[in-house]
Amino acid sequence: MCLQVFVAADEPLPTIPFDSAAPAFNASTLWPEAESVRRHFSKPYIYSLGAQTGCACGFGYSPDDLDPEFLDAPDVPEEVKESTRADHAARREAVQQLKGYLTITVDRCGSAEVFNCWVADEAAVSTAC
């Protein structure tokens, strides 16, 4: 199951289509199945934000995610180590792009509301911030 991140603002925000040939940060208007997320927002313009994974799962990043013992283990193939490093770098970049998009949104609009949930839990009771 995937995570979703939504942002709402008082004015329209730029959309950034997901490109499967060059996956990266993306921002799209709501699709019909996600319309129930509106109940969590007071602002009218709502967007779904995604990472290189297409969903918000790619925003899962911590500087401590790379295990030095794993990366130094002689029995772990180099291609697995490189893939792990590349995934870590992509997640770090996704978080930076998310931060940049939200910063621009707040600078432009004065404020924004953010809500995250699992896919299909858009109507679940929670609090936006």
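The values are calculated or read from the model by the stated rules, or taken from the named source; none is laboratory data. What you see is a predicted model, and the numbers here were worked out from it, not measured in a lab. Positions of Cβ are backbone-derived with ideal geometry, glycine not excepted, and every protein chain shown enters the neighbour counts.
Worth a mention:
Condition check ((1) part of a loop (DSSP other than H, G, I, E, B); (2) more than 28 Å from residue 123 (Cβ to Cβ)) across all residues:
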{"site": "12", "(1), (2)": "yes, no"}
{"site": "48", "(1), (2)": "no, no"}
{"site": "83", "(1), (2)": "no, yes"}
{"site": "89", "(1), (2)": "no, yes"}
{"site": "93", "(1), (2)": "no, yes"}
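- From the list 27, 51, 8, the one residue that fits, being aliphatic (A, V, I, L, M), more than 10 Å from the chain's Cα centre (by Cα) and at negative phi, is 8.
- Checklist (1) in contact (Cβ under 8 Å) with a residue 60 or more places away in the chain; (2) charged (D, E, K, R); (3) in a helix (DSSP H, G or I) applied to residue 64, failing item: (1)
- So residue 120, is it within 28 Å of residue 35 (Cβ to Cβ) and assigned to a loop (DSSP other than H, G, I, E, B): yes
- Residue, surrounded by the fewest Cβ atoms within 10 Å (Cβ to Cβ), within the range 96-117, restricted to residues that are without any contact (Cβ under 8 Å) to a residue 40 or more places away in the chain and either part of a strand (DSSP E or B) or of a type outside the set (Ser, Thr, Tyr) (or both): 107
- Condition met for residue 30 (closer than 24 Å to residue 110 by Cα, at pLDDT 95 or above and surrounded by 13 or more Cβ atoms within 10 Å (Cβ to Cβ)): no
- Among the residues of the range 6-15, those that are in contact (Cβ under 8 Å) with a residue 24 or more places away in the chain and out of contact with any Cys (no Cβ under 9 Å at 6 or more places or on another chain) comprise 7, 8, 12, 15.
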